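*Asks:* Have a look at this one before I ask anything.
Coordinate-derived values only; no laboratory data. The model shown is predicted, which means the values in this text are computed figures rather than measured ones. Don't worry about glycine lacking a Cβ; one is built from the backbone with ideal geometry, like all the others, and counts go over all protein chains shown.
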Amino acid sequence: MVEHDRNAANGALVAVFDGLDRLMAFLVRAAEYATIAIAFFITIAMITGVFFRFVLNRSLGWTEETSSLLLAVMMFLVMGIGIHERLHISVGIVVDKLPLLGQRLFDIAIHLVCGVFFLVVAYAGLAVAQSGMAIKLSTVPLSRGVFFLAMPIGGAFAALACLNNIVRILRRWGDPNFQGVE
């Protein structure tokens with residue numbers, strides 16, 4: 001009976017971890033599409049701004065204001081993608097000298113620290129976004145807080161990516177060909 005309960009609990013835990021992997025894959029894909037759309041919009045806005053300023057001699061103020069804010073939004077989106085894809089900066093010369101157990105523990109510790117940091121960013125970002133809701137953009141009838149929502153969303157997304165990477169490391173703990181999170 002105890003063995004059956006343990007197997008059921010393990011099966012439920014595996015299902016939760018698989019669900020977390022699927023959720024992260026979906027969120028990463030959505031963030032990639034949003035990043036492409038934002039980059040496309042910024043490019044078109046900048047080209048339009050240059051055309052209006054230098055060809056038509058009529059400046060469009062909204063292109064610079066919205067593009068700079070959207071660039072910040074894009075940076076908060078790619079933060080989670082980078083963590084998920086393990087494109088973050090690391091010091092391989094130090095970590096590679098550690099034994100395999102040390103490498104795995106170091107990897108988990110780094111993801112824990114980063115995850116806590118991103119949760120702080122998300123929490124602080126809520127206050128920033130809330131305070132920004134009262135400030136209207138000067139060229140577009142939007143609130144700055146709408147753009148500032150990228151902080152809590154991006155922070156939570158990156159923290160979730162850290163958690164998912166930790167789970168993936170722990171799930172592959174016994175794999176002799178372990179090379180970190182894929």
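*Asks:* So what's the back-of-envelope 222 nm ellipticity for the chain, counting only DSSP H runs of four-plus at -39500 (n - 2.57) apiece and dividing by all residues, rounded to 500? Present the calculation step by step, with values, prior to reporting the outcome.
*Replies:* Numbers: 6 runs with 137 residues, N = 182.
The per-residue figure over the chain is -26500 deg cm²/dmol.
*Asks:* Quote the charge dipole size of the chain about the Cα centre in Debye, to the nearest 20; the model charges only the Cβ of Lys and Arg (+1) and of Asp and Glu (-1).
*Replies:* For the chain, the charge dipole is close to 420 debye.
*Asks:* So how do 51-60, 92-101, 17-26, 114-123 stack up, highest first, on mean other-Cβ count within 10 Å?
*Replies:* 114-123, 17-26, 51-60, 92-101
*Asks:* Using the Karplus equation 6.51 cos²θ - 1.76 cosθ + 1.60 (θ = phi - 60°), what ³J(HN,Hα) coupling, rounded to whole Hz, does each residue of the stretch 143-158 give in order, writing x for Gly and Pro?
*Replies:* 8, 4, x, 4, 6, 5, 5, 4, 5, x, 5, x, x, 5, 4, 5
*Asks:* How tilted is helix 2-50 with respect to the longest principal axis of the chain? Cα atoms for both, answer in degrees (0 to 90, nearest 10).
*Replies:* On a 0 to 90 degree scale, this one is about 20.
*Asks:* Can you give me the distance in nm between label points at Asp21 and Arg58, each placed 7 Å from the Cα along the Cα-to-Cβ direction?
*Replies:* 5.6
*Asks:* Can I ask one more? Amide H of Met133 versus every other amide H placed in the peptide plane: which residues, excluding those fewer than 5 positions away on the same chain, fall under 5 Å?
*Replies:* Long-range HN contacts for Met133: Gly145.
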